[in-house]
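> My questions will all concern the structure given below.
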Amino acid sequence: MQTVKKLVQEAKKKHSFDQQQKEEIIEVKSDSSKCESETGFTVDAFSYGDVPGCTGYILSHFHYDHYNGLTKHFTNPIYCSQITANLVLSRIKLKEEFVHPIPMNTPCLIDNIEITMLEANHCPGSVLILFRLPSGRVILHTGDFRADKSMEDYPEFKGVKFSQLYLDTTYCNPTYDFPPQKEVIDFAVDLVKKELARNPKTLIVCGSYTIGKERIFIAIAQALGCKICVYKDKQNVMSCLDDSDLFQKLSLDFNDSQLHVLQLGKLNPKGLGIHMSNLKTKYSNVIALEPTGWSYGKINSLQEIKPKYNRDGIKIFGIPYSEHSSYLEMKQFVQFIKPERIIPTVNNGNPKARKKMEDIFKSWFQELQQGQGQQAKVTVKQSSISTWFA
Ligand SMILES: [Zn+2]
């Protein structure tokens with residue numbers, strides 16, 4: 001384990017990396033010889049029970065479809081970011097001894113595999129996972145991610161030859177050409193400002209998931225210089241994000257601010273009506289923003305977005321805010337990574353869909369070859385339990 005110590009020492013020099021984390025990583029040992037997969041690690045594979053040969057379970061982020069199957073009775077080592085670890089401990093009540101937070105941007109040697117977690121631009125705590133194998137092979141698993149040009153500057157990607165890419169293919173279709181997040185956020189802020197200019201006694205409601213899509217209400221709070229009213233459960237979730245500035249902006253008193261965050265299930269005329277009637281401050285109008293990922297295809301620009309409901313002072317807007325890559329962002333990311341092989345992790349269930357994705361990937365590489373004379377080949381494999389092994 002000399003190498004582990006050396007790596008951790010180097011990591012400690014480069015990053016703030018406390019003693020407890022260091023020991024957690026060094027202490028993890030297991031017999032990876034039992035495992036037939038390349039790394040012995042699985043990513044987001046909690047719904048299969050104990051996976052034979054798996055020595056470490058990685059959780060890419062805290063969304064239900066990724067941690068599904070994880071309960072407080074789970075007794076295998078889990079690796080994830082610090083924020084995801086906070087969420088796992090707080091929401092699932094897993095025993096702390098099994099949860100191993102990995103510091104971001106810090107190569108850690110676990111069971112002879114070097115693992116680095118990088119920002120995935122999805123929800124708080126989400127990571128891309130970079131595996132370096134003793135054979136020299138490099139595998140990247142994107143978890144869920146929204147590709148961004150800035151990822152091309154990740155020093156961890158510099159000069160790397162990627163053998164395999166596990167790719168979040170949620171929107172792997174040219175029809176998904178929704179706008180960049182920043183444009184959508186600016187649009188939401190403008191929409192709210194216009195409503196307030198028209199009628200200052202307007203309540204602003206943002207729909208929310210357990211975790212994810214926070215950037216909309218954070219941007220509105222910044223633009224208006226106001227607090228964010230949330231329920232206790234949301235406050236608990238936000239306390240896991242290790243962001244004290246944001247946490248201080250939250251209030252549990254719904255009379256503290258006209259910006260309220262509610263569960264998505266309450267974003268309907270009845271739910272909003274009940275919420276308004278319970279407030280001491282009386283509002284004459286409400287504008288509710290419901291973040292969606294896929295409603296954009298039916299319109300050509302953000303300016304065309306009309307309320308999906310508009311009656312009796314209640315306006316509900318669908319906001320096409322995606323935490324997954326648009327088609328173009330995904331294509332640019334893949335063309336940058338140039339993996340030898342791509343394994344789609346979403347919408348890969350039937351051969352027809354896989355074939356379609358394979359053709360799309362091929363066209364991206366052909367484009368590259370024509371443009372830059374690059375040599376690249378790509379294959380697509382059916383997803384199964386074995387493909388969750390990196
Ligand atoms: Zn997700």
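Just so it is clear, none of the values below were taken in a lab; they were calculated from the coordinates. Since we're looking at a predicted model, the values are computed, not measured. All Cβ positions, even for glycine, are placed from backbone atoms using ideal geometry, and neighbour counts span all protein chains on display.
> Roughly how big is region 181-319's charge dipole about its Cα centre, with Cβ charges of +1 (Lys, Arg) and -1 (Asp, Glu), in debye to the nearest 20?
Dipole of region 181-319, to the nearest 20 debye: 560 debye.
> Apply the Karplus curve 6.51 cos²θ - 1.76 cosθ + 1.60, θ = phi - 60°, to the phi angles in region 311-320 and return the couplings in whole Hz, x for Gly and Pro.
8, 6, x, 10, 10, 10, 10, x, 10, x
> Amide H of Phe178 versus every other amide H placed in the peptide plane: which residues, excluding those fewer than 5 positions away on the same chain, fall under 5 Å?
Here Tyr327 satisfy the definition.
> Using the structure shown, list the pairs from Lys182/Lys234; Lys270/Lys315; Lys194/Lys249; Lys194/Lys270 with a Cα-Cα distance above 21 Å, or answer none.
Long pairs (Cα-Cα over 21 Å): Lys182/Lys234; Lys194/Lys249; Lys194/Lys270.
> Please report Glu323, Glu114 as a ranked list, fewest other C-beta atoms within 10 angstrom at the top and most at the bottom.
Taking fewest neighbouring Cβ atoms as first place, the list is Glu114, Glu323.
> Additional query: Taking amide H positions as placed in the peptide plane 1.01 Å from N, state which residues far from Ala288 in sequence (5 or more) or on other chains have amide H under 5 Å from it.
Val205, Lys315, Ile316, Phe317
> Suppose every Lys and Arg Cβ carries +1 and every Asp and Glu Cβ carries -1, with no other charges. What dipole size does region 44-175 come out with about its Cα centre, to the nearest 20 debye?
Details: 10 positive and 14 negative charges, 15 e Å.
Magnitude of the dipole: close to 80 debye.
> Collect residues whose amide H, placed 1.01 Å from N in the peptide plane, falls under 5 Å from the amide H of Ile110; neighbours closer than 5 in sequence don't count.
Those lying under 5 Å, H to H, from Ile110 are Ile115.
> Give me the dipole magnitude in Debye, nearest 20, for region 263-357 about the Cα centre, with unit charges on the beta carbon: positive for Lys and Arg, negative for Asp and Glu.
In debye, rounded to 20, region 263-357 gives about 280.
> Can you put Glu183, Glu97 in order, fewest other beta carbons within 10 Å first? Working shown, then result.
Working: Glu183 13, Glu97 10.
Ranked by crowding around the Cβ, least crowded first: Glu97, Glu183.
> May I ask you to evaluate 6.51 cos²θ - 1.76 cosθ + 1.60, the Karplus curve with θ = phi - 60°, for each residue of region 168-173 and list the ³J(HN,Hα) values in order in whole Hz, giving x for glycine and proline?
Result, ordered by residue: 6, 9, 3, 10, 7, 7 Hz.
> A follow-up question, please. Specify whether the C-alpha gyration tensor of region 199-318 places it in the rounded, prolate or oblate class, a ≥ b ≥ c being the square roots of the eigenvalues: rounded for a/c under 1.5, otherwise prolate if a/b is larger than b/c and oblate if not.
oblate
> Treating cross-link reach as a plain straight distance, find the aspartates and glutamates whose alpha-carbon is under 19 Å from the alpha-carbon of Lys193, omitting any fewer than eight places away in the same chain.
The qualifying aspartates and glutamates are Glu183, Glu214, Asp256, Glu290, Glu304.
> Report the per residue volume, in Å³, of the convex hull enclosing the C-alpha atoms of region 194-235.
About 81 Å³ per residue, rounded to a whole number.
> In region 334-375, which GluC sites (Glu not before Pro) are in a loop and have at most 16 other Cβ atoms within 10 Å, using DSSP for the loop call?
Details: sites: Glu340, Glu358, Glu367; in loops: Glu340.
The qualifying sites are Glu340.
> Residue by residue, what Karplus-based ³J(HN,Hα) values in Hz, rounded to whole numbers, does region 88-102 have, using 6.51, -1.76 and 1.60 with θ = phi - 60° and x for Gly and Pro?
4, 5, 6, 8, 9, 6, 5, 5, 4, 5, 9, 9, 10, x, 9
> Which of Phe333, Phe145, Phe365 comes first, and how do the rest follow, when ranked by fewest Cβ neighbours within 10 Å?
Result, fewest neighbours first: Phe365, Phe333, Phe145.
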